[in-house]
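The values are calculated or read from the model by the stated rules, or taken from the named source; none is laboratory data. The structure presented is a predicted model; accordingly, all values stated were derived computationally and were not measured. Cβ placement follows ideal geometry from the backbone for every residue including glycine, while neighbour counts extend to all protein chains displayed.
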Amino acid sequence: MTDKKLIAIVTSDIHLHDWKQFNINNRRLEFQLEFLKDLVEEANDLSVPIVFGGDLFHSAKHLTNNFLSYLPEIVKILSRLEKPFVAISGNHDMSHVNTLEKPSPSYITLLSKLCKKVIELKSSVYPLPCGDAHINLVGIPYLDSNLGLWDKVKELAKTFSSKPLKPILLLHTTLPGAEDNGDFKVGDLVENIPEDFKEYVSKTFSLVLIGHVHKPMSLGDNIIQIGSPYQLRVSDIDAQLGYQYLMNEGSRIYTTFSPIKYAPIFKYYSDESEINDDFNFWVKRTSNRVTITGLGGNNTVVSSKEAIAKYYIDNDINKVKQSLINRYLNDIDD
Ligand SMILES: [Mn+2]
């Protein structure tokens, strides 16, 4: 029997935010901090680090005065960690276009300066303790349009190959085959992700962990889309979310999913009398739900406004549905 070891807790897309909705007396934000606190406590109990896949914050450009009043608390929670919080920046953590040549300012960078437990990976490596040895965790932040990602992955794979266990790759991006909660499916083609990307990372790394899209799922052999730990958007309704344990057994590195036990969820009501708590997110049932498959044409992932506009015209999408899709795609405050 080989020895089963826990290496880390893995989570992503926490999206701390001063929400406009469902946030009376900051209850929604305070729940999010409660989650972070529990996670830190669990990591300490298990004596492992936390690996974070990006989007710790929600509002990339502006933090409200009210949100900033919680910043000392966020720093305090993370400072309580015994092992590090190893993180990459997601698109929501960065105010500007982020490229390898010209990095954007990032909240993760800020936190790494405010709290010594926070370690930011910027195309760099952190050696995760694994029994008596270590396994290299290679992290690359979100790069706009995945520009330079492919070459960087290959370069880092060579630089940080580790023995006996191959390194782990941590990214914040969309990969072919990704699905989101609700009915959103990504096609087979993603901007600047070559056809053999998945096959290459799958055989070069012992495990690939992906933040960005919020549905926890497997994207193929040892490629894991981490997902968000709790519901954030109406399209998350009915989704069972949670976080992951990073495990080692012999030469195998894998994750196990741990559903979240206590979190507000979206619930539909038709009549206000059905609302029976002030914890969950109650939304009025509407007939304007949209299904988006292969947005911009079959097997194409869209990131340009032009392609989205063309999709609206080609598919005769009305204004109401357009605004729903825009809200969905922008991942904005709802
Ligand atoms: Mn996100």
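Side notes on the structure shown:
- When residue 301 is tested against (1) modelled with pLDDT of 95 or more; (2) out of contact with any helix residue (DSSP H, G or I) (no Cβ under 8 Å at 6 or more places or on another chain); (3) aliphatic (A, V, I, L, M), exactly one condition is not met: (1).
- Taking strands (runs of 3 or more DSSP E) as the structural unit, those lying wholly within the range 154-257 and holding at least 3 residues that are assigned by TED's automatic domain parsing to the domain that holds residue 40 and within 14 Å of the ligand (Cβ to nearest atom) correspond to 168-173, 207-212.
- Test: residue 50 is away from the ligand (no atom under 16 Å from the Cβ), touching a residue at least 40 places away in the same chain (Cβ under 8 Å) and closer than 22 Å to residue 134 by Cβ: yes
- Within the range 197-214, residues that are within 24 Å of residue 229 (Cβ to Cβ) have Cβ atoms under 7 Å from residues that are aromatic (Phe, Trp, Tyr) and more than 16 Å from the ligand (Cβ to nearest atom) in these pairs: 207/254, counting only partners at least 6 apart in sequence or on another chain.
- Checked against (1) under 18 Å from residue 10 (Cα atoms); (2) over 19 Å from the mean Cα position of the chain (by Cα); (3) surrounded by 15 or more Cβ atoms within 10 Å (Cβ to Cβ), residue 115 meets all criteria but (1).
- For the range 1-28, the candidate set comprises residues that are more than 16 Å from the ligand (Cβ to nearest atom) and among the aliphatic types (A, V, I, L, M); within that set, the residue that is surrounded by the most Cβ atoms within 10 Å (Cβ to Cβ) is 8.
- Any chance residue 262 is assigned to a loop (DSSP other than H, G, I, E, B) and away from the ligand (no atom under 15 Å from the Cβ): yes
- Taking (1) surrounded by 16 or more Cβ atoms within 10 Å (Cβ to Cβ); (2) touching a residue at least 24 places away in the same chain (Cβ under 8 Å) in turn, residue 97 satisfies each apart from (1).
- Of all residues in the range 215-235, those that are of a type outside the set (S, T, N, Q) and modelled with pLDDT under 95 total 4.
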